[in-house]
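Working notes for the structure below.
The values are calculated or read from the model by the stated rules, or taken from the named source; none is laboratory data. Keep in mind it's a predicted model, so treat the numbers as computed, not measured. Note that we place each Cβ from the backbone using ideal geometry, even for glycine, and neighbour counts take in every protein chain shown.
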Amino acid sequence: MPINRPLLTDSDLQEAVDRKLPVRVFEDDHLVNSGGTVIRFTDSDVVIQNRVSDLAYYSRRSCEFFEVRP
């Protein structure tokens with residue numbers, strides 16, 4: 001069973017960027033993205049890339065982000 005670690009702080013998100021960790025994104029208790037990697041983040045948004053031209057922007061205020069480790 002995979003381990004899900006919440007990405008709450010800027011340092012958590014920076015580690016996910018540096019290590020290219022797969023993440024899961026939940027919004028309103030629903031899984032909205034799984035397996036992408038964090039490529040950029042700001043105080044208000046997180047940008048996740050699933051494929052070369054597939055970018056998704058998520059609000060840090062309304063979404064929860066989790067690192068997925070096998």
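Scan the stretch 38-58 and tell me whether some residue there is modelled with pLDDT under 95 and among the basic types (Lys, Arg).
Yes, because at least one residue in the stretch 38-58 is modelled with pLDDT under 95 and among the basic types (Lys, Arg).
Please find, within the stretch 1-22, the residue that is surrounded by the fewest Cβ atoms within 10 Å (Cβ to Cβ) out of those that are closer than 16 Å to Glu64 by Cβ and free of Cβ contacts under 8 Å to residues at least 60 places away in the same chain.
So the residue we want is Thr9.
What is the one condition in (1) at pLDDT 95 or above; (2) within 20 Å of Arg5 (Cβ to Cβ) that Gly35 does not satisfy?
(1)
Please go through the stretch 1-11 and give me each residue that is more than 10 Å from the chain's Cα centre (by Cα) and outside any loop (DSSP other than H, G, I, E, B), ordered by number.
Within the stretch 1-11, Ile3, Asn4, Arg5, Asp10, Ser11 qualify.
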